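One structure is given below, encoded as structure tokens.
Nothing in this text is a laboratory measurement; each read-out follows from the coordinates by a stated rule. From a predicted model like this one, the values you see are computed outputs, not experimental measurements. Neighbour counts run over all protein chains shown; Cβ positions are idealised from the backbone, glycine included.
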Amino acid sequence: MKWKIDWFLTGMFVTVALAWFFPAPGAKGGWLQPEILTKAGVALIFFLHGVALSFAAMRAGAMNWRVHLLVQGTAFGIFPLIGLAIYHSLPEAWLTPELRLGFFYLCALPSTVSSSVAMTAAARGNVPTAVFNATLSSLLGVVLTPLWVSLVLESKSTTAAAFPIGDVILDLVKWLVLPLIVGQLMRPLLGEWAKRNKKVIQLADRGTILMLVYTSFCDSVVAGVWTGRGATTLILSAVGSVAIFFTVFAIVGLICDVMRLNMEDRIAAQLCGSKKSLATGVPMAQLIFEGNPALGIYLLPIMIYHPLQLIITAMLASRWAKRSG
């Protein structure tokens, strides 16, 4: 298998480095005006998702309810339970409170859309089922992700008990769901253009995410959150992300065996069920943790998990694609 340099993954390293050395422009009150820029960027991402999203393809896989229950139950049940175990059982000597919350946030996120579908197609799995589950997961995440986060924050201390879950969900609806709906409504006008210009849309989408990553880390650097623990936090995030991925992947595989799913459904279930969305996670974190200087640490696990899941599932997809039958 030939590996090409992924400009987006490279860009994440570059944006974090820029935030480390030049944090002032993207920090609160900086000349980039992140308070306005980030929400505009979030709206742009989900408008583009709406324009590119085909509900006809989603409807084609809507009847495979057993796989849907497995994937959504994994994304918003098994994953968060693992996150709760990490959050409540590991001592502060191992993981700081910020990093524990970062791992839980990773576990509470929805599945990916594009990479889940692409990997399922490459592995000769059930593509319509993957499209349905990936899309449904993103929509459910608007409500379920902040609900899980609020549950953890409210159990942490009296100072976090006032987590404004209603305001957060309203903000997510305003900046995520409404642009998505507008994008869908614009499909009759922009659908064909979107098909012809997939690379342009991908460039705008990923470029906006990199901008959000930059602003997320700027406040953390300015506030001194990383002082004295940058390398340790990075290593622990990598080890934890690897452990979470393989734990979930193994659990989903065992459930597939018990359910006696065929190979095509099994591929869709494991590739969709084990994924977490950076494209949704970064803008959502900007809204859920708005103004929190530890935002960069909260995002670190998903930023590591994202390339990890792509590398592992690409290798699996290549192997599964070569099967007979």
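Can you work out the FRET efficiency for the pair ASN262 and VAL242, with r the C-beta to C-beta distance and R0 = 45 Å, to the nearest 0.05? Given R0 = 45 Å and the Cβ-Cβ separation, E is 0.95. Its Cα gyration tensor gives the chain an equivalent ellipsoid; the semi-axes, largest first and in whole Å, are 30, 24, 19. Note that segment 289-300 has calculated 3J(HN,Hα) couplings of 9, 3, x, 7, x, 8, 4, x, 5, 4, 8, 4 Hz, one per residue in order, obtained from phi through the Karplus relation 6.51 cos²θ - 1.76 cosθ + 1.60 (θ = phi - 60°); glycine and proline are x. By the equivalent-ellipsoid construction on the alpha carbon gyration tensor, segment 177-253 comes out with semi-axes of 35, 22, 11 Å, ordered largest to smallest. Residues whose amide H falls under 5 Å from that of SER277, counting only those 5 or more places apart or on a different chain, are THR112, with hydrogens built in the peptide plane. Arranged from fewest to most other beta-carbon atoms within 10 Å of their beta carbon, GLU192, GLU264 become GLU192, GLU264.
For the chain, the mean residue ellipticity at 222 nm estimated from helices alone is -24500 deg cm²/dmol, where every DSSP H run of n ≥ 4 contributes -39500 (n - 2.57) and the total is divided by all residues, rounded to the nearest 500.
Each part reduced to its alpha carbon centroid, segment 56-87 and segment 201-224 end up 28 Å apart.
Residues in segment 254-268 carry Karplus couplings, in order, of 5, 5, 4, 4, 4, 7, 6, 6, 5, 4, 5, 5, 4, 4, 4 Hz; the curve used is 6.51 cos²θ - 1.76 cosθ + 1.60 with θ = phi - 60°, and Gly or Pro positions show x. For segment 29-46, the Karplus equation 6.51 cos²θ - 1.76 cosθ + 1.60, evaluated at θ = phi - 60°, returns couplings of x, x, 5, 6, 6, x, 4, 8, 4, 5, 5, 5, x, 4, 4, 4, 4, 7 Hz by residue, with Gly and Pro reported as x.
Taking amide H atoms as placed 1.01 Å from N in the peptide plane, the amide H of GLY61 lies under 5 Å from those of PHE132, each 5 or more residues away in sequence or on another chain. In units of 2.2 N^0.38 Å, what is the alpha-carbon radius of gyration of segment 274-315? My calculation over the Cα atoms of segment 274-315 gives 1.27.
By the count of other C-beta atoms within 10 Å, a proxy for reagent exposure, HIS88, HIS49 are ordered fewest to most as HIS88, HIS49. Coordinate range of the alpha-carbon atoms in segment 201-302 per principal axis, descending: 52, 35, 21 Å.
FRET efficiency for LEU203 and ILE311, Cβ-Cβ distance as r, R0 = 30 Å, nearest 0.05? The computed FRET efficiency comes out at 0.85.
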